[in-house]
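The values are calculated or read from the model by the stated rules, or taken from the named source; none is laboratory data. In this text, all values refer to a predicted model and were calculated from it rather than measured experimentally. When we count neighbours, we look across all protein chains shown, and the Cβ atoms used for this are built from the backbone with ideal geometry, even at glycine. Only protein heavy atoms, including side chains, enter the accessible area calculation; ligands, DNA and RNA are left aside. Shrake-Rupley method; radii C 1.70, N 1.55, O 1.52, S 1.80 Å.
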Amino acid sequence: MDDIPPYPPIDPTTFDLIVIGTGLPESIIAAAASTASKSVLHLDPNPFYGSHFSSLPLADLPSFLSSHSTSPSPPRSPSSDDPNEFSLLEFATRPLYSSIDISTFSPNLLDQHSRKFNLDVAGPRVLFCADKSIELLLRTGTNQYMEFKSVDATFVGDNKGNLWSVPDSRAAIFKDKSLGLVEKNKLMRFFKLVQGHLAGEQDVKISEEDLQSPFVDFLNKMGLPPKIKSFILYAIAMADYDQEDTGVCRDLLKTKDGIDQLALYNASIGRFQNASGAFLYPIYGQGELSQAFCRRAAVKGCLYVLRMPVTALLVDKDTGCYKGVRLASGQDIFSQKLILDPTFKVTLPLGSSPPLPLKEKLPFFSLKDDKGKIARGICITKTSLKPDISNFLVVYPPRSLFPEQVTSIRLLQIASNLAVCLPGMFVLYISALCNDDDQGKKLIHAVMNTLLTVPLDSESNAAVQSETAEIGSAVQDETSESSSGGPSDSGEEKPTLLWSALYSQELTLGQVDFICSTPMPDGKLNYNDLIDTTFKIFQEIYPEEEFFPETSLENPEVDGDASPET
């Protein structure tokens, strides 16, 4: 951000809270603090809302990833002749993305229609119809700023390109032709046991010993066959790691947690009249969530300034206490509390030591809070992976693609009826937890090679450009967009890849003190864990305040129109 717009000075110059970055955690905290009558200044160096949770045009995504992939330059020594009573500790950016690989097989797609795409930086993401994010949207009235559509189905994939429907309800079990009668009976008995346990029926209650045991052991005890067991563990309970191999499993799912996930999934199916499945997706992309909470905060008095980098932390020269921040415009702004986007960290010049009492607090700005990496991929195609379905989720359980695969891989296909791409096109989001960049790319490529045709030569590239030209002419006719997301190939050929972006993202934890750092997007499919972390940060900085107190909403229609789709 070299060109800083000539902003007039910000007035007032003192706030209860300064929030830097408009990612989802920061936006929720800004809205909660504003609702609690705190004065909040919300800054972002980007010209858009959402930061690492944003949805960006196709041309903007590569530059955003690249700008957050380089190591910061060493900070300059603070000026000793600063006339103020403050010391300056400069902000630096931490590299959060690596191994970025952008492939374009249709330049016309990028040049002519880039702004017609809204690509999620942190995909794949969905919202369970009954999860914490939906409850928060409804309780705060923030859902009035958004619209959703249903994700139509969930599948489990294999290395042959097959997509098997997940039998997630009694009706789905009876309709599933891939299951034998014995398998159906065992699955029905299992679901009946879980429902009875959740309903508090004493004669079918699961014992405390079983609840504390590994979920995979409980499923074995129930006699479920491997195929059904895999569906439950990875496509309904959403386990991340191979639950059968304790040597590689970093997160062994307990039966209690597995049952809770099944309960969430079951409660999500049929909650909203116009949502056929368990999942929802926001129209215009996941970045709408951050914007919705920013709108909520603005209504409550939060002041927003975009395109405004923050260059340094202000600390008292005598006490070493945090006082405020210095903006790129040169203005100093003061606050009692500070929330930082995970992009930023405070650095010290070589040979210098931090002032007290910051000495014990600055280490959390280092990269020691990393939890690992998550590999992400975004692919654009002309045809759907399933000819008759537009928006759906695919889960690849561990070892379903190759023997060394120890984590689940998730894929979400979204069509143009959700306003994320051109009519007749589809966006695929792929993600998998990984130890390093090479392992991550292997996981993403395994899915791409199984499901897609990747052009390798000029002849293929010419064919892709011809397909894109046909799509470009269809853009003018918006009525061509249907609920099925556009035309599909009638044959069995794989969809051809038009554009892709592969990258690895660092996983970082949120940190709490009088200066707080929010977490990066995690590897989960929904936002439950992230909302829990955000709530804890808010409680720590404002323990006396309620997190969005339940009051009568300003718009009386909001509570009555809680459907996910307009």
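Convert each backbone phi in region 415-424 into a coupling constant with the Karplus relation 6.51 cos²θ - 1.76 cosθ + 1.60 (shift: θ = phi - 60°), then list the ³J(HN,Hα) values in order as whole Hz, x for Gly and Pro.
9, 5, 5, 10, 6, 10, 7, 5, x, x
At 1.4 Å probe size, what's the solvent-accessible area of Trp164? Round to the nearest 10 Å².
100 Å²
How far apart, in nanometres, would the label points at Lys221 and Asp332 be if each is projected 7 angstrom from Cα along the Cα-to-Cβ direction?
6.4 nm
Given H placed on each backbone N at 1.01 Å, which residues far from Leu253 in sequence or on other chains put an amide H within less than 5 Å of it?
Counting only residues 5 or more places away or on other chains, the set is Phe215.
Take Thr14 and Ala267, extend 7 Å from each Cα along the Cα→Cβ direction, and tell me the distance between the two endpoints in nm.
It works out to 4.5 nm between the two label points.
Residue by residue, what Karplus-based ³J(HN,Hα) values in Hz, rounded to whole numbers, does region 102-107 have, using 6.51, -1.76 and 1.60 with θ = phi - 60° and x for Gly and Pro?
Listing the rounded values in order: 9, 10, 10, 9, 8, x Hz.
Can you give me the solvent accessible area of Cys321 with a 1.4 Å probe, rounded to the nearest 10 Å²?
50 Å²
Taking a point 7 angstrom from the Cα of Glu546 along the C-beta vector, which residues in region 24-47 have backbone N less than 20 Å away?
Only 28-39 pass the distance filter.
When the chain is fully extended, how far beyond the present Cα-Cα distance does Gln195 get from Glu208, taking 0.36 nm per residue of separation? List each step's numbers first, then the result.
Values: separation 13, 0.36 × 13 = 4.68 nm, distance 1.62 nm.
That works out to 3.1 nm of additional length.
Taking the Cα-to-Cβ direction at Ala298 and at Asp251 and moving 7 Å from each Cα, how far apart do the two end points lie in nm?
3.4 nm
Give me the number: length gained by fully extending Arg399 to Ser103, i.e. 0.36 nm times residue separation minus the C-alpha to C-alpha distance, one decimal in nm.
My answer for the length gained is 103.8 nm.
Could you compute the FRET efficiency for Leu456 and Ser67, with r as their C-beta to C-beta distance and R0 at 35 Å, rounded to 0.05?
Once rounded, the FRET efficiency stands at 0.70.
Counting only residues 5 or more places away or on other chains, whose amide H sits under 5 Å from the amide H of Ser39 once H atoms are built in the peptide plane?
Amide H neighbours of Ser39: Asp16, Leu17.
Using just the alpha carbons, could you tell me how many Å³ per residue the convex hull of region 169-268 encloses?
Per residue, the Cα convex hull of region 169-268 comes to 101 Å³.
For a Förster distance of 41 Å, can you work out the FRET efficiency between the beta-carbons of Asp532 and Glu85, rounded to the nearest 0.05?
Result of the calculation: an efficiency of 0.55.
When the dipole is taken about the Cα centre of region 169-268, and only Lys, Arg (+1) and Asp, Glu (-1) are charged at their Cβ, what size is it in debye, to the nearest 20?
Dipole about the Cα centre, nearest 20: 600 debye.
Please turn the phi angles of region 526-539 into ³J(HN,Hα) values with the Karplus equation 6.51 cos²θ - 1.76 cosθ + 1.60 (θ = phi - 60°), one per residue in order, whole Hz, x for glycine and proline.
10, 10, 4, 5, 5, 5, 4, 5, 4, 4, 5, 4, 4, 4
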